[in-house]
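*Asks:* Before anything else, here's the structure in question.
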Amino acid sequence: MELAKERSTQTKAKLKNSFIKLVREKGLDNVTVSDLARDSQINRGTFYLHYLDKYDLMEKLEEQAINDLKQILLFDKNTENLNDPIELIPYDAILKALIYVKNDFDFIKTLASDGGDPNFILMIKEILSQMIDSKIQQSEKLTFSQKMLPEDYAREILLSSMVAILVLWIKKDAAESPEEIAVMITKAKQISPYELLL
């Protein structure tokens, strides 16, 4: 039983590596199950024991990454500074998420690339949105101010700045460290676009 589980884990790891390689080379639309099986050195029957098709493979791999990121970002046990707007998006949680991305960078970059899943970045944005909602609900004082912009626009500005930094970091092949990016995201929460031009 243990040997079968180990073999299954090895097969899934091979398929993940082949998925990354082939999607980068050809784009998801041009990858076939035969390509994946051949590159993984398994037969197609073995592929179909684990997945329905290439989309099922992608969804299951993606689901694991999204669930891991949710665990990091949504289940933050730190209840200190709940009324501090800077801690609405806690540095420690963002750093842990960025380290996770860095540790599985080839896969994350493949999903975020033009040939990958166009919905992947939207899923990350949704997790960040849920994190903000959770922090606001836990806080006694924080709410989106209606003074300057309607709430939906204010929320979009906040989320888009974080996602834009993440996407650029991925496009630059994670040239900066997760710590540097976490600091940039923290700074982006504190300054207005106008201040960037001064």
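The values are calculated or read from the model by the stated rules, or taken from the named source; none is laboratory data. All values reported here derive from a predicted model rather than from experimental measurement. Cβ coordinates were reconstructed from backbone atoms using ideal geometry, including for glycine residues, and neighbour counts include every protein chain displayed. When the accessible area is computed, the model is the full protein with side chains, heavy atoms only, and any ligands, DNA or RNA have been set aside. Shrake-Rupley method; radii C 1.70, N 1.55, O 1.52, S 1.80 Å.
*Asks:* Condition test on residue 36, is it in a helix (DSSP H, G or I), of a type in the set (A, V, I, L, M, F, W, C) and under 23 Å from residue 101 (Cβ atoms)?
*Replies:* Here the answer is no, as residue 36 does not meet what is asked.
Conditions tested, residue by residue: (1) under 30 Å from residue 93 (Cβ atoms); (2) in contact (Cβ under 8 Å) with a residue 60 or more places away in the chain; (3) open to solvent by less than 30 Å² (accessible area, probe 1.4 Å); (4) assigned to a loop (DSSP other than H, G, I, E, B).
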residue	(1), (2), (3), (4)
10	no, no, no, no
20	yes, yes, yes, no
45	no, no, no, no
65	yes, no, yes, no
72	yes, no, no, no
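*Asks:* Kindly list the number of the only condition in (1) open to solvent by less than 50 Å² (accessible area, probe 1.4 Å); (2) of a type in the set (D, E, K, R); (3) touching a residue at least 24 places away in the same chain (Cβ under 8 Å) that fails for residue 14.
*Replies:* If we test residue 14 against (1) open to solvent by less than 50 Å² (accessible area, probe 1.4 Å); (2) of a type in the set (D, E, K, R); (3) touching a residue at least 24 places away in the same chain (Cβ under 8 Å), just (1) comes out false.
*Asks:* Would you point out the residue of the range 22-43, among those that are in contact (Cβ under 8 Å) with a residue 12 or more places away in the chain and among the aliphatic types (A, V, I, L, M), that is nearest to residue 118 (Cα to Cα)?
*Replies:* Residue satisfying both the conditions and the ranking: 28.
*Asks:* How many of the residues making up the range 16-31 are within 20 Å of the chain's Cα centre (by Cα) and not small (Gly, Ala, Ser)?
*Replies:* 8
Here's the yes/no breakdown for (1) acidic (Asp, Glu); (2) at negative phi; (3) at pLDDT 95 or above:
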{"position": "11", "(1), (2), (3)": "no, yes, no"}
{"position": "19", "(1), (2), (3)": "no, yes, yes"}
{"position": "62", "(1), (2), (3)": "yes, yes, yes"}
{"position": "77", "(1), (2), (3)": "no, yes, no"}
{"position": "85", "(1), (2), (3)": "no, yes, no"}
